[in-house]
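Shown below is the structure under consideration.
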Amino acid sequence: MVELFEQDLNDDGRRSSKGNQLKWKHDQLWYKADYLGYEGLSEYIISKLLRKSSLNNNEYVDYETEAIRYKTQVFNGCCSRDFSDDYQTITLERLFKTLYGISLGKEIYSISDHAERLKFIVDQVERATGIKDFGIYMSRLLTIDALFLNEDRHSHNISVLWDGDSRFKLCPIYDNGAGLLSDTTLDYPIGCDIYREAKHIKGKTFCESLDEQLDIAETLYGQNIKFTWQMNDVDAFLQDANLYSIEIRDRVRLLLAEQKRKYAYLFMNQ
């Protein structure tokens, strides 16, 4: 357990459609408290399964579960190392507000064709930042969101790294806490039919269907990530996440087994 204090509180500028978690930065570590359910467990298990993918270690953020004492309360949550390396993390929404005085989110949804929306995001980010192959990055991000049921990827929580002047680079993939039906308070209470609810998850990047987002990304930019994890890997990682109840961990296991079956083509060993 880690004890954190008011001076450690840090609003990193990102926004969730469901409100904002308590976040702290202390000794080059970021901490996030669970807000609506088991966001920390989702961050943890997704990052561990990204180890068993074609991504390099520096292309995603690794999380650990953590019990957090703050004032008189103890929260479950997660922690990760700061990855900014003298850069600052800036969301695409804030970047476009800063550079052009416009809302990227509003611009995206002013376009009727869904494929053109994704092309707009990619083209505009590459133009603004000079980053190459942002389409490959978005393809990977949208694949991860579809596989792990992340319903909260929008212009306020897709980020790049910025030196504060003219240099930009890709941000490691992070912020997967809204995945795996982690919201047990508002939308997916314990005991709900997880298979039914998984079919109705709505995306927020450029259209409501996670599958359509993935199909469009693969059509435009190709398949850019593969996975090798098996269910015995899931079992081992979940066993170590003993801050969370058996009921919650069993629910996550069932979801991952179903998602692995649904997206079998993404796995190199199928």
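None of the figures in this text is laboratory data; all of them are computed from the coordinates on show. This is a predicted model, so every value here is computed, not measured. Here the Cβ is made from the backbone with ideal geometry for all residues, glycine too, and neighbour counts use every protein chain on show.
If the label point is 7 Å along Cα→Cβ of A67, which residues in region 233-265 have backbone nitrogen under 12 Å from it?
242-244
Then there's this: Near D8, within a Cβ-to-Cβ distance under 11 Å, what is the net charge of the other residues, with Lys and Arg +1 and Asp and Glu -1?
Surrounding charge for D8 is -1.
Right, here's the next one. Please sort 36-42, 182-188 by packing, taking for each peptide the average over its residues of neighbouring beta carbons within 10 angstrom, highest first.
Highest mean packing first, the order is 36-42, 182-188.
Apply the a/c threshold of 1.5 to the C-alpha gyration tensor of region 88-221 and tell me whether it is rounded, prolate or oblate.
prolate
Over 22 Å between C-alpha atoms is what I'm after, so list which of K23/K106; K199/K262; K97/K169 land there.
Pairs exceeding the cut-off: K23/K106.
If you place +1 on the Cβ of every Lys and Arg and -1 on the Cβ of every Asp and Glu, how big does the dipole about the Cα centre of region 173-270 come out, in debye to the nearest 20?
180 debye
Going by a ≥ b ≥ c, the root eigenvalues of the Cα gyration tensor, does region 195-270 fall in the rounded group (a/c under 1.5), the prolate group (a/b larger than b/c) or the oblate group?
oblate
Grab the other residues whose beta carbon is less than 15 angstrom from that of S166, score K and R as +1, D and E as -1, and report the net.
-1
Per residue of the chain, what 222 nm ellipticity follows from adding -39500 (n - 2.57) for every DSSP H run with n ≥ 4, rounded to the nearest 500?
When only DSSP H runs of four or more count, the value is -11500 deg cm²/dmol.
Ok, one more. Among N157, P189, L170, which residue has its Cα positioned farthest towards the positive end of the charge dipole of region 156-204, with +1 placed on the Cβ of Lys and Arg, -1 on the Cβ of Asp and Glu, and the dipole taken about the Cα centre?
Going by the Cα projections, it comes out as L170.
Expressed in nm to one decimal, what extension gain is obtained for the pair L99 and D8 from 0.36 nm per residue of sequence separation less their Cα-Cα distance?
29.8 nm
Contour minus end-to-end for Q88 and Y195, with contour as 0.36 nm per residue of separation and end-to-end as the Cα-Cα distance?
34.7 nm
Tell me, in nm to one decimal, what length is gained between S166 and E212 on full extension, where the rule is 0.36 nm per residue of separation less the Cα-Cα distance?
Difference between extended and current length: 13.1 nm.
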